[in-house]
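The values are calculated or read from the model by the stated rules, or taken from the named source; none is laboratory data. In this text the structure is predicted, and so the values were computed from the model without any measurement. Here the Cβ is made from the backbone with ideal geometry for all residues, glycine too, and neighbour counts use every protein chain on show.
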Amino acid sequence: MRLITIVTDIGGPVALHDILSELPRDFGTPIVVMQPAGEVLVESAIAALRHTTNLKIAQIQTENELEAGTVYFAESGSGYLPGTDRNRLTLVSANGQGKQTGMPGTVGALARLLGSEMTVVFLSGRGDATEIKHVCSALEQCGSPVLVLDRRESVVDELGQCALKFAPSAKELGAAKIVAILSDVSGRPANRRNTTESASKK
């Protein structure tokens, strides 16, 4: 089971929209979007993305199987734990289970389950350095590939710079290259029209 996890500040959604709009409807991998912390306008982000991407958009429903071609948004401040079946990936609420919650706990648990089968992308935004250090430590130990949006394409690059600092294997790439890598991971080519347009803007 493969998974794409995107860590971003939903308050600055330009990069998220740019990347998701280039992925095809039949994208072969589920995508989970996590925010580092704080209140975010998840409903507004979901509504906007439904106009810019062909992928299905949903909020995480605990214990439902994550399906390919769907982008799942985590609720602000909520933490999730993956089920133990690597072939049927589900998330259940970690709140009240004595586990670390929120983005760090969720991404760390997914890394321990999936290892190199999960690719994590850090996009635009801010993040607590301690949380990012914890997440990156888990990703490095488990061999999960880490991609970071190029600071020149990021509205606020603090999140990405923290990830680069704490994950030595992380790669800093432009949005078009990130799309190409995610497409390779999923086994589905990116939308040619959008990819061509992005390349022509470089």
Query - Close pairs (6 angstrom Cβ cut-off, 6 or more residues apart or separate chains): farther than 19 Å from Asp157 by Cα in the stretch 112-126, part of a loop (DSSP other than H, G, I, E, B) and not charged (D, E, K, R) anywhere - result: Gly115/Gly143; Ser116/Gly143; Met118/Ser144; Thr119/Pro145
Query raised in the report: Would a scan of the stretch 33-44 turn up a residue that is assigned to a strand (DSSP E or B), modelled with pLDDT of 80 or more and of a type in the set (A, V, I, L, M, F, W, C)?
Result: yes
Requested in this report: Sort out which residues of the stretch 138-165 are more than 17 Å from the chain's Cα centre (by Cα) and over 17 Å from Thr8 (Cβ atoms), and write them in order of number.
Outcome: Gln141, Lys165
Report summary line: Those residues of the stretch 67-96 that are in contact (Cβ under 8 Å) with a residue 24 or more places away in the chain, more than 26 Å from Asp128 (Cβ to Cβ) and not small (Gly, Ala, Ser) come to a total of 8
Query raised in the report: Residue check, Thr5 against (1) part of a strand (DSSP E or B); (2) surrounded by fewer than 22 Cβ atoms within 10 Å (Cβ to Cβ); (3) modelled with pLDDT of 90 or more, all met but one. Which one?
Result: (2)
Query raised in the report: Can you name the residue in the stretch 119-137 that is in contact with a Pro (Cβ under 8 Å, 6 or more places away or on another chain), under 13 Å from Thr5 (Cβ atoms) and among the aliphatic types (A, V, I, L, M) and is also surrounded by the fewest Cβ atoms within 10 Å (Cβ to Cβ) among such residues?
Result: Val120
